[in-house]
Amino acid sequence: MELKELAKELDAAAGRIADARGFLHIDDKAAELATLDARIAEPGFWDDAAKAQQVSKQASDLRAVIAAYDDAAALLDDAQAARELAGEDPSFADECEGCLTRLSAMLDNLEVESWFSGRFDGGDAILTVNPGQGGLEAQDWTDMLYRMYTRYADAKGWKVTALDVVPGEGIGLDRAVVQVEGRNAYGMLRSEAGVHRLVRISPTDDKKRRQTTFASVEVLPVMTDDIEVDLNPADVRVDVYRSSGPGGQCVNTTDSAVRLTHLPTGIVVTCQNEKSQIQNKEAAFRVLRARLYELEERKRAEEIDALRGERMDNSFGSQIRNYVLDPYPMVPDLRSGVETGYVDAVLGGDLEDFVIGYPKWHAAQ
């Protein structure tokens, strides 16, 4: 690349750096981080372990964003220095070009970071997979989706905790509820909420006919303690029963599983994969709080729709993606237009293009 072209590329990169400082609100984040660090340094901060962990995680997330921005800005300085030296030694032109290539990728990541700026986007998620139409096929499809999301989370370095994973009758899963902990877990996984459709030659059909199967995915944020949810313990019926899910063998001899029924709404939450009844109860209440919050948000959205006199698009419960194994492999996302023929890779957890493609598409609307 000639020196004039490098100069143009550097100017463009400098502009993107300045934009990133603005849309990431780096100055505000730095001030917020200073406040949090001061709280962490206070005596007695760790007396409330749960609250302390929440604040520490918030500080860690802020620190990660600021560090990513600082790294990009430092790389721009290196590229500019190499450009100046290239006037005397042409070999530095290659170094400048290499810096610009790495910088472009870093800035792309920073732009992606800006898409997850919602109230809960940076936090953890509760992901539920339920079988739809299709009987045994739907249960098998639920298991396939459960393993797909688990592998994706593992690849991201996220922690997955099974809350309620129930085997189906014969094959697959009757349902799967997991908590996913990691940076931007909810913001990224919420693009997966909706109905997922599988088309394949049925392994349970002796005539080897092509079958269409459905499963629904629900993604909710994990509510932090500072979020107020109208949940009166007197409105919740608590039932205990014997655990039967995978990984529960060590507790199957006791009534460790918990079922919560929220009487005013009829919402039922079960949890059986933790090691004790107390842990299952705590996990079930986390899921219940999230579902009640989501219910209130949906009611508010419906009220706004009524006032506007129009129906807003709502992806929840709608078909969002097809997974076609026969007659030809294809996975098209019906919203973002992202598509691939590598079905096995997708089912193996290679979801990044779809997960990133949805907010990118949404931001462009």
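The values are calculated or read from the model by the stated rules, or taken from the named source; none is laboratory data. The shown structure was predicted, so the numbers you read here are calculated from the model rather than taken from an experiment. Note: areas computed on protein heavy atoms with side chains; ligands, DNA, RNA excluded. Shrake-Rupley method; radii C 1.70, N 1.55, O 1.52, S 1.80 Å.
So which lysines pass the test for Lys51, namely a Cα distance under 24 Å, with those fewer than 8 places away in the same chain ruled out?
Straight-distance partners of Lys51: Lys29, Lys159, Lys275, Lys281.
Contact order normalised by length for the chain, with contacts defined as Cα pairs under 8 Å and 6 or more residues apart; what percent is it?
Values: 601 pairs, mean separation 53.5, N = 365.
Relative contact order of the chain: 15 percent.
Do you know the relative contact order of segment 38-158, to the nearest whole percent, from alpha carbon pairs under 8 angstrom that are 6+ apart?
Values: 46 pairs, mean separation 17.9, N = 121.
Across segment 38-158, relative contact order equals 15 percent.
Counting only protein heavy atoms and using a 1.4 Å probe, what share of the accessible area of the chain belongs to carbon plus sulfur, as a whole percent? Don't skip to the end; give the middle numbers.
Working: 9420 of 19200 Å².
The nonpolar share, carbon plus sulfur, comes to 49 percent.
Straight-line reach only, C-alpha to C-alpha below 18 angstrom: list the lysines that Lys156 could link to, leaving out same-chain residues fewer than 8 apart.
By straight Cα distance, Lys156 reaches Lys57.
For the chain, what does the helix formula give at 222 nm: sum of -39500 (n - 2.57) over DSSP H segments with n ≥ 4, over the residue count, nearest 500 deg cm²/dmol? Walk me through the numbers before you get to the answer.
Numbers: 9 runs with 175 residues, N = 365.
My calculation for the chain gives -16500 deg cm²/dmol from helical runs alone.
In Å², what does the accessible area per residue of the chain work out to with a 1.4 Å probe?
Numbers: 19200 Å² over 365 residues.
Computed with neighbouring chains in place, this is 53 Å² per residue.
Keeping all protein chains in the complex and leaving out DNA, RNA and ligands, what accessible area do you get for Phe120 with a 1.4 Å probe, in Å² to the nearest 10?
Accessible surface of Phe120 is approximately 30 Å².
Return the aspartates and glutamates within reach of Lys4: Cα separation strictly under 16 angstrom, same-chain partners fewer than 8 residues apart disregarded; answer none if there are no such residues.
Qualifying aspartates and glutamates at Cα under 16 Å: Glu84, Glu88, Asp89, Asp94, Glu95, Glu97.
Got a sec? What order do Trp46, Trp361, Trp141, Trp158 fall in by accessible area at 1.4 Å, biggest, i.e. largest, first? Write down the numbers at each step before the final one.
Details: Trp46 145, Trp361 75, Trp141 0, Trp158 20 Å².
Reading off the accessible areas and sorting them downward yields Trp46, Trp361, Trp158, Trp141.
Residue-wise, which Karplus ³J(HN,Hα) couplings in Hz belong to segment 209-217, taking 6.51 cos²θ - 1.76 cosθ + 1.60, θ = phi - 60°, and x for glycine or proline?
Ordered by residue, 3J(HN,Hα) equals 8, 7, 10, 10, 10, 10, 8, 9, 10 Hz.
From the phi of every residue in segment 137-147, what ³J(HN,Hα) in whole Hz does the Karplus formula 6.51 cos²θ - 1.76 cosθ + 1.60 yield, where θ is phi - 60° and glycine or proline is x?
Once rounded to whole Hz, the list reads 4, 5, 5, 5, 5, 4, 5, 5, 5, 4, 5.
Explain nothing, just compute: Karplus ³J(HN,Hα) = 6.51 cos²θ - 1.76 cosθ + 1.60, θ = phi - 60°, for every residue of segment 323-328 in order, whole Hz, x for Gly and Pro.
So the Karplus estimates, Gly and Pro as x, are 10, 9, 9, 8, x, 9 Hz.
Rounding to the nearest 10 and keeping the result within 0 to 90°, find how far the Cα-based axis of helix 26-40 lies from the longest principal axis of the chain.
Computed tilt is about 60 degrees.
Please list, in chain and number order, the residues 5+ apart from Ile267 or on another chain whose amide H is under 5 Å from its amide H, with Hs placed from the backbone.
His262
Need one value: the accessible area of Tyr293 in square angstrom, 1.4 angstrom probe, rounded to the nearest 10.
40 Å²
Based on the Cα coordinates of the chain, what is the per residue volume of their convex hull in Å³?
Values: hull volume 72.5 nm³, N = 365.
Normalising the Cα hull of the chain by residue number yields 199 Å³.
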